[in-house]
Amino acid sequence: MPVNVRPESDSSPLWLDDAEYERLVKRSEGGWSRCRDETEWLAKLHYLRSGFKEGKLDAGQFEERETRLVLGWLRRST
């Protein structure tokens, strides 16, 4: 079943097949929060947020990991 890693976007959804999604979220070269490209970053952000919604992380864990992921992406982009 494909995964939309841009679920809030009506005009530009980004669908990944299950195998690609799993490959991207399991990639951890240089640390899990380090992403090679935007698609990997979106997949990991989606994975993290889904885990939080499912109760797999408490609010503190989620905030810490989401912050690390977002700041790592922003630092890479500058």
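For the reader, a short list of remarks on this structure follows.
- Considering only alpha-carbon pairs that sit under 8 angstrom and 6 or more positions apart, the relative contact order computed for the chain is 24 percent.
- Sparse-neighbourhood loop sites, trypsin sites (Lys or Arg not before Pro) in the range 12-78 - DSSP loop, at most 14 other Cβ within 10 angstrom: ARG36, LYS56
- Environment charge at HIS46 (Cβ cut-off 15 Å; Lys +1, Arg +1, Asp -1, Glu -1): -1
- Accessible solvent surface per residue of the range 2-78, calculated while the other protein chains remain in place, 1.4 angstrom probe, Å²: 69
- The chain - percent of accessible surface contributed by carbon and sulfur, probe 1.4 Å: 51
- For ASP17, the solvent-accessible surface computed with a 1.4 Å probe is close to 90 Å², ligands and nucleic acids excluded.
- Computed label-point distance, nm, for sites ARG68 and LEU14 using a 7 Å Cα→Cβ extension: 2.1
- In this structure, the amide hydrogen of ARG6, modeled 1.01 Å from its nitrogen in the peptide plane, lies closer than 5 angstrom to those of LEU14, counting only residues at least 5 positions away or on a different chain.
- Remark on the chain: Rg and Dmax equal 12.3, 35 Å (Cα only).
- Rough spin-label spacing in nm, given labels placed 7 Å along Cα→Cβ, for ALA59 and ARG76: 2.9
- Across the protein chains, with a 1.4 Å probe defining accessible surface, the residues TYR47, TYR21 rank TYR47, TYR21 from largest area downward.
The values are calculated or read from the model by the stated rules, or taken from the named source; none is laboratory data. This is a predicted model, so every value here is computed, not measured. Every residue, glycine as well, gets a Cβ built from its backbone with ideal geometry; the counts of neighbours run over all protein chains shown. In case anyone asks, the SASA skips ligands and DNA or RNA and just uses the protein heavy atoms, side chains included. Shrake-Rupley method; radii C 1.70, N 1.55, O 1.52, S 1.80 Å.
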